[in-house]
Amino acid sequence: MSARVSRRTLKIVAGIVAAAVGLAACDAPEPAISDAQPMLRRLTEDQYRNIISDVFGPQIIVAGEFAPILREGDLVAASAARATVSASSFEKLERLAHGIAAQVVDPDNRRLLIGCEPNSAGAADDQCVRQFLASVGRLLYRRPLTTGELDRVAELSATAARGTGDAYGGLAFGLSALLVSPQFLFVADTREAGAGASAPLRLTSVAKATRLSFFLWNTTPDVVLLDAAENGVLDTESGLRDQVARLLGSPRLVDGVRALFADMLALDKFTGLEKDPDIYPAFDPMVSADAREQLLRTISDQLVARAADYRTLFDTSQTFMTPALGRIYRVPVTDPSGWSPFEFPAGSDRQGIQTLAGFVALYAHPGRSSPTIRGKAVRELLLCQKVPDPPGDVDFTLFNAPNSANLIARQRLDAHNTVPTCAGCHKIMDGIGLAFENFDGAGQYRATDAGQAIDVSGDFDGVPFADPAGLAAALKNHPGVPPCLVRRVVAYALSGVVEGPQASWEKYLLERFADNGFRLKPLLEAIVLSPNFFALGVATEPRQEAASVVNSNPEDR
Amino acid sequence: MTLLVKSRHQSRRALLRGALGGAAISVGLPFLDATLNDSGTALASGAPMPVRFGTWFWGLGHTPGRGFKALEGTDYRFTDECAAIEPFRQDYINYFRAFNAPLDGAASTVHFTGWVAAKTGAIPSGFGRIPAPTLDTFVAEAIGGSTRFRSIEMSCTGLAKDSYSYGRAGSHNAGEVSPLQLYLRLFGPEFRDPNAATFTPDPRLVLRQSVLSAVSAQRQALVRDAGASDKERLDQYFTAVRELENQLQVMSSAPPPLDACVRPQAPAEGTPTLQVEQSLAAHDTFSKLIAMALACDQTRVFNLLYSQAASELRAKGTTFTHHILSHEEPLDVDVGYQVETAWFNERSFIALAGLLNQLKSTREGDGTLLDNLLILAQTDTSDAKTHSVIGIPSLTIGRAGGRLKTGLAIAGNAGPISRVGLTAMRVMGVPIAEWGVKSLRTDQPITEVMA
């Protein structure tokens, strides 16, 4: 049976895409997001590390743990708008801050990083202190320090210099104060009065610069962008376009795109990913790290370097390889020292990022594959379809088959069909996931499972397929793929999701996405040049009323 | 003076003058007002031994009918998969059964709703959404302010996210996953041996406090324009700052001597994986460290997670996790239960017994640490196979300084599981009248176990 979907099927799918994006409605005005609230986002670990590297250089090591932001929904970017700092997190952040500051003032780094030399080794030089702290403070706070803020950290540096008898030691404490400050750790939407007496509040120019930089580069605004913001250039249409063109044209865009897809594909789950060494001896921590990196390299290569159609991600044979990954893919590697481009041969089952080791190993168990987890990942991550949680009252004894441990996956999962409450959801997950059964729990190819041939055929939303290549074609042409990316990118850009106006904006952007051949960069450009990008934020879902605990009013019951 | 606070408290200015010059402050021994009385049951000052609090979590409940038996009163035994803790039952444990997590029409999110209800007194609106602070944080607010660490969280899964302790505004207290890192935090360079002849405060402490003071000064400006939700998050941040300030303040003072305190050996480097053998080893090491942390009064509150809800622990070289086994392992018709699942359940209680042995072997006055603490042991479900939140078992362990009776089995008669949490908080002195929301709201602690 042919591994490919029929030409007729592709035409049907293409028609569905055209209908979904509403190509006939290109002239419709851009819907506006209104009633948005200012937001406060906690820096993610990657952002923190990027900022330290950008401000002080890669030689400064961020050594130590960083309490992660727990993923509450589809994106950590949205969770960041709900996250705060616990006591144990702050303890770690304070330790990190002092460690970074100590490295910055270290004799090996101070000449390059501080930019001035104190008059005396044993006491603070106020001018040098202020010059340094104002300079780095502007990058860390993403705006110039106020006079009061600069006075406070300069005074602290002077006190510490007296206490330690070391001008640089004093400076380190002033820098530490900046690094543990909420002004650094939280990204706040600062507002100002709009033009005209009755105009609503709007984002300040520096807040706009901050949004741009975190969205496109996943880091703090650079000096050029801050200059443009502080000079008012960013508030002009041409100034904004110039900066957007600069940001999109920079190699740093790769950092932003990697962050976006790391979040969208939930690659934070690589933390703690493990495979049983007895079952998968080839899968070690280096493989795990390289598998994650392979996914991100492949994505950024296709979408940024090659400016390919987004949907190409799901049937591309092009990727990159390392010696460690060569063990998993069982292929020769041309460069034994690092990364080298690699293309899977024609007819390979490795087509698309969903067949790379990073994806199939991440979405599997430590000791075996999991069609259910893989199918769920495709539905939720790539199609934005929410698979309902399993019912709370299902009785698994109903299909506990004797010797089930010896059954292969398809046989075991067939048992789900015996329970109606299970069958509905498992049908939409398992059907896709079984197509990946040629890849074991570590992402290695296998022809058989428990000595039996593996049947990887199936049906994906009405499109039959015979193997992973067929699934790749079906996924690439699935009408839900482009809208899902738009939805995720918009939510990532705004750190949240609201229905209504945002959904209309997504539809508008989807049209532009299709017009531009489903290429990522034009989509990013359309988002950041939209007034909606600088709307004051998106209201996040409020937390449930906290349990009242102390002498609460019985009337509240 | 009590053991709790303010021994030899010095002003920041005085410390700046003295300590920054590198002067060591000599502390004469014995430190009379902090030593034990003749009977060893209290401090010489008359203050009672401090009562500590811990939570211990294991995933996937138990096999109904095995281990926890449906008995009541004192006539019961821990058998089969719970047999490891039977030696502690009479003197230290109470078993709570038939307490429920009433859903009030909400959906039960499997392996999540049960423990969230037990720890927060509220039903979550979906997976990952913590509706209120967990009860350990209220206890920490009540008793944790005078030690270096308000609380210590540990996870034996290798994953920092596997800590079920949440403060206000959803702030997560991540778990320590490396025993060595925990050791360095507790007993590393910043540890001051309470039994040392001299006390030399770290001169940097005062400057670190000054940094935090500079941060706290920003509160007004930052909170002014924030919305209600953001204000709550910022308040939590500034609370964290204050807690660290307090920690530094405690570290600035010479600790009173504590006979049971001995700086332990540093454990080997390494973080456990989800292999049950490694989790058990990590649990054993964490148990030793936390016992000594309590004995050295570095903290009075801890949260130790042995396995996650929906435990992903697995035996080396096997393909099925504890969770998958609980659902898919067939019943062994000869014995009438899931043999491999029961094996994992048994490991949970072997781990718990290891912790209790460690605490019991740490003498304190004429008793042990087990006499002066309360551990609340909780899980996510009753019968994991059916994801049931009906009759979730839980335990109290320890005598809480005489505030708890022991050896009892209490039937909840389908009452809310929040009663167990309220009882624990009341015993620990949290000033709380009632707790929980909707059907989990209760003002009825379980007085049968309160001395």
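The values are calculated or read from the model by the stated rules, or taken from the named source; none is laboratory data. Note that this is a predicted model, so its numbers are computed, not measured. All Cβ positions, even for glycine, are placed from backbone atoms using ideal geometry, and neighbour counts span all protein chains on display.
Quick look at the numbers
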| item | result |
| --- | --- |
| Condition met for B:ILE390 (within 27 Å of B:PHE112 (Cα to Cα), of a type in the set (Val, Ile, Thr) and part of a loop (DSSP other than H, G, I, E, B)) | yes |
| Verdict on A:SER288 being buried (at least 20 other Cβ atoms within 10 Å of the Cβ) and of a type in the set (Gly, Ala, Ser) | yes |
| Hits in the stretch B:163-174 (condition: modelled with pLDDT under 95 and more than 7 Å from every other protein chain (Cβ to nearest Cβ)) | B:ARG168 |
| In the stretch B:356-396, the residues that are surrounded by fewer than 22 Cβ atoms within 10 Å (Cβ to Cβ) and within 14 Å of chain A (Cβ to nearest Cβ) | B:ASP383, B:THR386, B:SER388, B:ILE390 |
| The stretch A:159-180, residues that are surrounded by fewer than 23 Cβ atoms within 10 Å (Cβ to Cβ) and either facing chain B (nearest Cβ under 10 Å) or on the phi > 0 side of the Ramachandran plot (or both) | A:THR159, A:ARG162, A:GLY163, A:THR164, A:GLY165, A:GLY169 |
| Test for A:LEU145: is it part of a loop (DSSP other than H, G, I, E, B), buried (at least 22 other Cβ atoms within 10 Å of the Cβ) and either among the hydrophobic types (A, V, I, L, M, F, W, C) or within 8 Å of chain B (Cβ to nearest Cβ) (or both) | yes |
| Given (1) modelled with pLDDT of 95 or more; (2) outside any loop (DSSP other than H, G, I, E, B), number of the condition B:ILE324 does not satisfy | (1) |
| Number of positions in the stretch A:466-517 that are assigned to a helix (DSSP H, G or I), among the polar types (S, T, N, Q) and either modelled with pLDDT of 95 or more or buried (at least 19 other Cβ atoms within 10 Å of the Cβ) (or both) | 1 |
| Qualifying position, being away from chain A (no Cβ under 11 Å) and either out of contact with any helix residue (DSSP H, G or I) (no Cβ under 8 Å at 6 or more places or on another chain) or closer than 21 Å to B:CYS261 by Cα (or both), among B:ARG185, B:ARG192, B:ARG148 | B:ARG192 |
| Qualifying residue in the stretch B:407-419 (condition: in contact (Cβ under 8 Å) with a residue 12 or more places away in the chain, assigned to a loop (DSSP other than H, G, I, E, B) and over 20 Å from B:SER311 (Cβ atoms)) | yes |
| From the options B:ASP104, B:ASP136, residue that is more than 9 Å from every other protein chain (Cβ to nearest Cβ) and modelled with pLDDT under 95 | B:ASP104 |
| A:LEU23 vs. criteria modelled with pLDDT under 80, within 29 Å of A:ASP315 (Cα to Cα) and in contact with a helix residue (DSSP H, G or I) (Cβ under 8 Å, 6 or more places away or on another chain) | yes |
| Single condition B:ILE417 does not satisfy, out of (1) more than 29 Å from B:GLY367 (Cα to Cα); (2) crowded, with 21+ Cβ neighbours inside 10 Å; (3) in contact with a Leu (Cβ under 7 Å, 6 or more places away or on another chain) | (3) |
| Neighbours by Cβ (under 6 Å, 6+ apart or cross-chain): first from the stretch B:234-262, at the interface with chain A (Cβ under 10 Å from one of its Cβ atoms); second surrounded by fewer than 20 Cβ atoms within 10 Å (Cβ to Cβ) and β-branched (Val, Ile, Thr) | B:LEU234/B:VAL223 |
| A:GLU117 being assigned to a loop (DSSP other than H, G, I, E, B) and among the acidic types (Asp, Glu) | yes |
| Residues within the stretch B:427-444 that are buried (at least 16 other Cβ atoms within 10 Å of the Cβ) and touching a Phe, Trp or Tyr at 6+ places or on another chain (Cβ under 9 Å), tallied | 7 |
| Single residue of the stretch B:113-129 satisfying the filter (at the interface with chain A (Cβ under 9 Å from one of its Cβ atoms) and not β-branched (Val, Ile, Thr)) that is surrounded by the most Cβ atoms within 10 Å (Cβ to Cβ) | B:GLY121 |
| Neighbours by Cβ (under 9 Å, 6+ apart or cross-chain): first from the stretch A:62-89, on the phi > 0 side of the Ramachandran plot; second small (Gly, Ala, Ser) and surrounded by fewer than 19 Cβ atoms within 10 Å (Cβ to Cβ) | A:GLY64/A:GLY99 |
| Only one of B:ASP334, B:ASP380 that is under 20 Å from B:ASN303 (Cβ atoms) and either part of a loop (DSSP other than H, G, I, E, B) or modelled with pLDDT under 90 (or both) | B:ASP380 |
| Residues of the stretch A:26-48 that turn out to be modelled with pLDDT of 70 or more and in a loop (DSSP other than H, G, I, E, B), as a count | 11 |
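Residues checked against (1) touching a Ser or Thr at 6+ places or on another chain (Cβ under 8 Å); (2) over 15 Å from B:PHE349 (Cα atoms):
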site	(1), (2)
B:THR271	yes, yes
B:GLN278	no, yes
B:ALA281	no, no
B:ASP284	no, no
B:ALA291	yes, yes
B:THR299	yes, yes
B:SER307	yes, no
B:ALA310	no, yes
B:THR319	no, yes
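Rundown of residues vs (1) modelled with pLDDT of 95 or more; (2) facing another protein chain (nearest Cβ under 9 Å), yes/no style:
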| site | (1), (2) |
| --- | --- |
| B:ALA197 | no, no |
| B:ARG204 | no, yes |
| B:LEU212 | yes, yes |
| B:GLN218 | no, yes |
| B:GLY227 | no, yes |
| B:ASP230 | no, yes |
